[in-house]
Structures are given as C-alpha cells and as structure tokens.
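Notes to accompany the following structure.
The values are calculated or read from the model by the stated rules, or taken from the named source; none is laboratory data. Since the structure is predicted, the reported quantities are computational estimates derived from the model, not experimental observations. Every residue, glycine among them, receives a Cβ derived from its backbone with ideal geometry; neighbour counts consider all protein chains shown. Protein only, heavy atoms only, side chains kept; ligands, DNA and RNA dropped before computing areas. Shrake-Rupley method; radii C 1.70, N 1.55, O 1.52, S 1.80 Å.
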Amino acid sequence: MQNKILITVLLLFTITVFQPISAHASFFLFNIVRDIFGGGKHHDSPTSKPNSSNNSNSSLIKFGMQNSQVAEIQQYLIKGKYLSGKSDGIFGYQTLQAVKMFQRDSGLSDDGVVGSRTMNALKNFKSTKPKRTSPPSQKPSYHPPHDNGVPHYLYATPMLATAYTRYDEGCTDYTYRGTYLRRGLAAVDPDVIPLGTKLYIPGYGEAIADDIGGAIIGNHVDLAMDTLDEAFSWGKRDVTVYVLPKG
C-alpha cells in the first residue's frame, strides 16, 4: 500500500511540474492511478448467468418432497394402478417405487425422479400397468399337509417377504379392499397372487392377500404387523409362500 501511495505522489508531482498537460495525458494518468488501486480491473465483471441445469433441477420432483405437485403425481399413479390409497402429497418410499415402476414400463430411465418427460408420460397415460404373468410353478394342484405344520395347499412359490404397519409413512388404516389393517393380512402384486387368496407363510402364519402397493412387484409379499417392533423384527426374508385352498 505504501508503494502505491508513493507512486501516486510522484505522478501528482509530475503533473504539477509539467503543467499544462493534454487531456489525453490526463486520461492516461488517471487510468494508471485507477490500476494501482483497483488491481487492473477496468471493467465490471459480467453478470453471472443462471445455471440452466439448476433451473431444470428446480422443477424436478423427487423423494422427500411434500407439495401439491407430488399429490398430482400420486393421482396419476393411482389412476394407472401403480399406487394404492389416497394422494397425500408426500413423496415417500411407496411413491418412489411406484414412479420407478411406471418409468420402467414407459421406457424411461427408472431413477425415481419426476422431470418433464416422466410428468408428460403420466399425463398422457391412458391405460393401466401391464399384466405380469405368474410363474409356471404356480399352477394349482393339491398337496397334502407337511409335517412341519404347513397346511393343505394348492401350490408354493419362493418370495421375498417384508413387513409393514398402518403406522408406516404413506400407509393408511385400511387395505386396498377396505379391511382394517392388522396382522393376518398381506399386500401382494395382484398379477401374481389374486386379491382374496389365502396364504401360509412359515414364521408368520396364515394371511389373506388383501392389499397392494407400489413397491410390491412380482414375487414379493408384504406382511401386515400390529406394531413397528414386529415389522422391524421381521425385516426381509426369503420364504416359501403356500397358496391355500378357499374355505
């Protein structure tokens, strides 16, 4: 800073001694002084332009958000049979799985994020989710009871078994078929196991397929529990699900 002041004093002294000076020289000296104190910045920095990617990100609807746009997305998913229950405007786990499934069926990147392409596909969707055929091993046939406590059953199939309660995010007190949610009920993919089917799950017992969910796809059964502790204790298990005869 002291050097800058010294240079400025010398310039002023030069101007005083060699007066008069031309206007061009005055302008030249003025620029020199400004460069000394301004770091050589002759022009204001250009106004930063908004990042186009950030602008596009601001319009994305994703997991964890809660607003009217989420509710609108949920309504489209419910109409297309990708999501059950009512739209609550909360982008939770069930909505995330439903969005991913819709994106896969629509040939979109299944990232679970709703941008303009996914939203347009939802708005223009006129059908329901495609049917998923049951595995060939699920052809009905009678099997006698097992010594390990498995009752008479029609067929058995390996499935992923998870657990849920009415206290979970995105869940309500009632199943898709209107039954009060309690132990002894299960959510299934109705394209694999028809609603109303009676099931037996080792370690759990008997259950009625009474509910659906956006995350319940293919060979996946979600078992209703009465408490969160029961659900956490169950976790995720690979089990054999036995389909029981009616009655």
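The table that follows gives values for the structure above.
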item: Given (1) touching a helix residue (DSSP H, G or I) at 6+ places or on another chain (Cβ under 6 Å); (2) open to solvent by 50 Å² or more (accessible area, probe 1.4 Å), index of the condition THR165 fails; result: (2)
item: Per-region count, segment 105-152, residues at pLDDT below 70 and acidic (Asp, Glu); result: 1
item: Residues of segment 71-95 that turn out to be surrounded by fewer than 19 Cβ atoms within 10 Å (Cβ to Cβ) and either within 13 Å of ILE217 (Cβ to Cβ) or hydroxyl-bearing (Ser, Thr, Tyr) (or both), as a count; result: 3
item: Unmet requirement for GLY214, which otherwise passes all of (1) closer than 20 Å to TYR82 by Cα; (2) touching a helix residue (DSSP H, G or I) at 6+ places or on another chain (Cβ under 6 Å); (3) modelled with pLDDT of 90 or more; result: (3)
item: Any chance LEU160 is open to solvent by 20 Å² or more (accessible area, probe 1.4 Å) and assigned to a strand (DSSP E or B); result: yes
item: Residue selected from segment 180-199 under the condition open to solvent by 40 Å² or more (accessible area, probe 1.4 Å) and modelled with pLDDT of 90 or more, by the criterion nearest to GLY235 (Cα to Cα); result: ARG183
item: Residue in segment 168-179 that is nearest to the chain's Cα centre (by Cα), counting only those that are part of a loop (DSSP other than H, G, I, E, B) and surrounded by fewer than 20 Cβ atoms within 10 Å (Cβ to Cβ); result: GLU169
